[in-house]
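The values are calculated or read from the model by the stated rules, or taken from the named source; none is laboratory data. Fair warning: this is a prediction, and the values are worked out from it, not measured in the lab. Methodologically, a virtual Cβ is constructed for each residue, glycine included, from the backbone with ideal geometry; neighbour enumeration extends over all protein chains shown. Side chains are part of the model used for accessible areas, which takes the heavy atoms of the whole protein and leaves out ligands, DNA and RNA. Shrake-Rupley method; radii C 1.70, N 1.55, O 1.52, S 1.80 Å.
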Amino acid sequence: MEHAQEHEACLEQTQKYCVERPIYNQELLQGKLHRRERTPQTLSQKIAHSCRCSSKKAKSHLYSFLPILKWLPRYPVKEYLLGDIISGISTGVMQLPQGLAYALLAAVPPVFGLYSSFYPVFLYTFFGTSKHISIGTFAVISMMVGGVAVRQVPDEIISVGYNSTNSTDSLEYYSARDAKRVQIAVTLAFLSGIIQLCLGLLRFGFVAIYLTEPLVRGFTTAAAVHVFTSQLKYLLGIKTKRYSGPLSVVYSIAAVLSKITTTNIAALIVGLTCIVLLLVGKEINLRFKKKLPVPIPMEIIVVIIGTGVSAGMNLSESYRVDVVGNIPQGLRPPAVPEIQLIPAVFVDAIAIAIVGFSMAVSMAKIFALKHGYTIDGNQELIALGICNSVGSFFQSFSVTCSMSRSLVQESTGGKTQIAGALSSIMVLLVIVAIGYLFEPLPQTVLAAIVMVNLKGMFKQFGDVAHFWKTSKIELAIWVVAFVASLFLGLDYGLLTAVAFAMITVIYRTQSPQYRILGQIPGTDIYCDVEEYEEVKEYPGIKIFQANASLYFANSDSYTSALKKKTGVDPCAILAARRKAQKRHAREIKAANKLRKKATNDVEASVKHEIANDELPVNGKFASEDASVQDTSPDEHEHFVEPKPNIHSLILDFTPVNFVDSVGAKTLKSIIKEYREVGVCVCIASCSGPALIELTRLNFFDSTVTRELLFHSIHDAVLACQVKDRSVSQ
């Protein structure tokens, strides 16, 4: 009882509205409205306007290109500086070991990872719009760079022309090989930077939308598997060839397993110890996040311990553990990348440019939303382009945003890009002053750092269960991106995944859901009749809706679904009519034959009667009358045509965003076919852009007028009811 009273009280509180207005079709509505007058600009006027320069416009463009000029003068030193210093130091402490480790992924000497952790990071401070992301080396991009470098300069243990027994010749070979790979990586960074810069200047920041979240997560998960398998040989201390291209993961695992008996036990023990320490450190940081003022920098601690143990026990000589080796002190002079290598790495540069931008902008959007500021996607492209292209002159390879470092930079109190600049200065101090101290650092320690940092990416395997529950299509995108990237390589895998994602968009529009709508009694609201019990259809009126635009890919399925859902097939009705007409004609013809035959029989009978002196009664014979009546009944003169069970069909165009020429022809054909069987077709809720396209496609003529278009479904329903009543009367 109380529940019923509460329900009645809620109903009384429900707001209502009542509007009395005419039934509007498109022609009547346009007659009531007055369009705003707009003077179209010619091409020369548009060019002149865009080239016009004023002090205000120049200042706006300068601030847009160099965001630091806008935020630095307003920098609140007392509020932000301490947080930025702590954040910068914490991020720099991570930047150093990750730079060394990710250089191994990029197939270049570790010192080039330090260069890539300084120049691009420092440049981003001036050109970037995100206050919290940490630019620098990243596992996925480094792996893609390393794949190209290994493909162009294959990793051979024994090279023709060098004597493997001569250590000097072997060192010369490796140094020549590394120099060539550095040139490949540098040229790749230059080209990917130029591509990003051009896309940014042309305002093509939207290209990142084609890398959907399921695609990126599937791709990065596969990249994590690639990275993990590539680090196994460093962890185990064995020497194998590095593979790239299709099935490189399979070949790498097979190569490691074939050499598993040559595992360096000392390297394995050091590596596993570092993995345990790093995992424990990350768990402590996670559990005591609120109590710790700054995260424990386990990576740099592990690097320092590993370097100390290696130097003290002389692991390189005593146990043949591979170490980082020579780290030149100071910065290298700028050098121009080798332009002749561009054709060989052009396609890879496009993939790296788009993936790098997608990673950076997605992370930047997360932090911008959390902290209440905006980022400019096009300026982010320009900033990354400058970081990569300018950095390439100083021997840095391609960089992007690092997820782990960005989270540390934000969580330790970083407020602006100053934190990133301070982290780059820390790396600079290492390069200039104390880089040589890390020469004894075992490579297995760097492998351990890389592997532990993949933990977050491996957690993305949980996406399979999530997408299974939410969207099977997004699950398919994730799986295709993962499998293709895993077995075809990151470059071809990304291309395959993007192509598949595009196909899913076409599939969704090509196979939309079709519904018949009905009215919620007493309202102007229309819903799916199959979904709700209260929804009722108007007698003689069908309302059809497809949740997609009408274009060449789905025009046939639209027509088929319309006939199936409404139960009215004009072609079938017309065919039935023609069949009935032919049958009726045959019946009349047969009746005429019978009548003629009867007449002939009567004439013969008359002659016979005359011969027998029998006279007719009233000019007719009884036999003639009976014969004619039997062979020509009244039903032969009556014909009933097959008719549809509806008089009006309303097409709901609310979900339709666009109509192409094929869609317009299909729509016109539907109107014509249904009109031939006595069904009036109306279009409801057609959007302005779709209406403009229909007009441009010459959809309207003397037979199809704007009177068939209505502002809403309810307008169309009322108009159809009025028309039916007038026809009935």
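Just a few scattered comments:
- When the Cα positions of ILE260, SER116, ILE238 are compared along the charge dipole of the chain, SER116 comes out farthest toward the positive end, with charges on each C-beta of Lys, Arg, Asp and Glu.
- Among 653-659, 26-32, the order from most to least packed when residues are scored by Cβ within 10 Å on average: 653-659, 26-32
- Cβ-derived FRET efficiency at R0 60 Å, THR599 paired with ALA465, nearest 0.05: 0.10
- Based on Cα contacts under 8 Å between residues 6+ apart, the chain shows a relative contact order of 20 percent.
- Compared with the alpha-carbon gap, the fully stretched path from VAL347 to TYR373 is longer by 5.9 nm at 0.36 nm per residue.
- Calculated [θ] (222 nm, deg cm²/dmol) that DSSP helices of n ≥ 4 give over the chain, each run adding -39,500 (n - 2.57): -20000 deg cm²/dmol
- Once backbone amide H atoms are built at 1.01 Å from N, TYR538 has GLN519 as its partners under 5 Å, excluding neighbours fewer than 5 places away on the same chain.
- Backbone phi angles across region 18-30, fed through the Karplus curve with coefficients 6.51, -1.76 and 1.60 (θ = phi - 60°), yield HN-Hα couplings of 9, 10, 10, 8, x, 7, 9, 9, 4, 5, 5, 5, 5 Hz in residue order; Gly and Pro are listed as x.
- Of the accessible area of region 21-127, computed with a 1.4 Å probe over protein heavy atoms only, carbon and sulfur atoms account for 62 percent.
- Model label sites at GLU707 and ASP528, defined 7 Å from Cα along the beta-carbon direction, differ in position by 3.6 nm.
- Relative contact order of region 352-497: 13 percent, from C-alpha pairs under 8 Å at least 6 residues apart in sequence.
- Under 5 Å, built H, 5+ apart or other chain: amide partners of ILE543: LEU517, ILE650
- Summarising the amide proton neighbourhood of LEU709: residues at separation of 5 or more, or on other chains, whose placed amide H is nearer than 5 Å comprise GLN26, GLU27, ILE683.
- Accessible area per residue (1.4 Å probe, heavy atoms of protein chains only) ranks TYR551, TYR174 as TYR174, TYR551, with the largest value leading.
- Approximate spin-label separation LYS239-LYS723, in nm, with each point projected 7 Å along Cα-to-Cβ: 8.6 nm
- Rounded to the nearest 20 debye, dipole of region 173-277 from Cβ charges on Lys, Arg, Asp, Glu: 320 debye
- Relative contact order, whole percent, for region 509-593 stands at 27, derived from Cα pairs under 8 Å and 6 or more residues apart.
- Extension gain, VAL276 to ILE473, is 67.1 nm, computed as 0.36 nm per intervening residue step minus the present C-alpha separation.
- Report note on the peptides 486-497, 422-433, 567-578, 529-540: ranked by the mean count of other C-beta atoms within 10 Å, highest first, their order is 486-497, 422-433, 567-578, 529-540.
- Length released on extending from ILE304 to SER64, taking residue separation times 0.36 nm less the Cα-Cα span: 82.2 nm
- Surface composition of region 287-355: carbon and sulfur atoms hold 63% of the protein heavy-atom accessible area at a 1.4 Å probe.
- Inter-label distance, CYS53 to PHE658: 3.6 nm, where each label sits 7 Å from its Cα along the C-beta direction.
- Each Lys and Arg adds +1 at its Cβ and each Asp and Glu adds -1 at its Cβ; summed about the Cα centre, the chain shows a dipole of about 2240 debye.
- Eligible lysines near LYS589 by straight Cα distance, threshold 24 Å, same-chain separation 8 or greater: LYS579, LYS597
- Note on surface exposure: GLU676, GLU20 rank GLU20, GLU676 by accessible area, highest first, 1.4 Å probe.
- At least 24 Å along the helix axis (C-alpha) and Kyte average at least 1.6, DSSP helices within the chain: 265-287, 342-371
- The calculated FRET efficiency for the pair LYS672 and ILE503, based on their C-beta separation and a Förster distance of 25 Å, comes to about 0.15.
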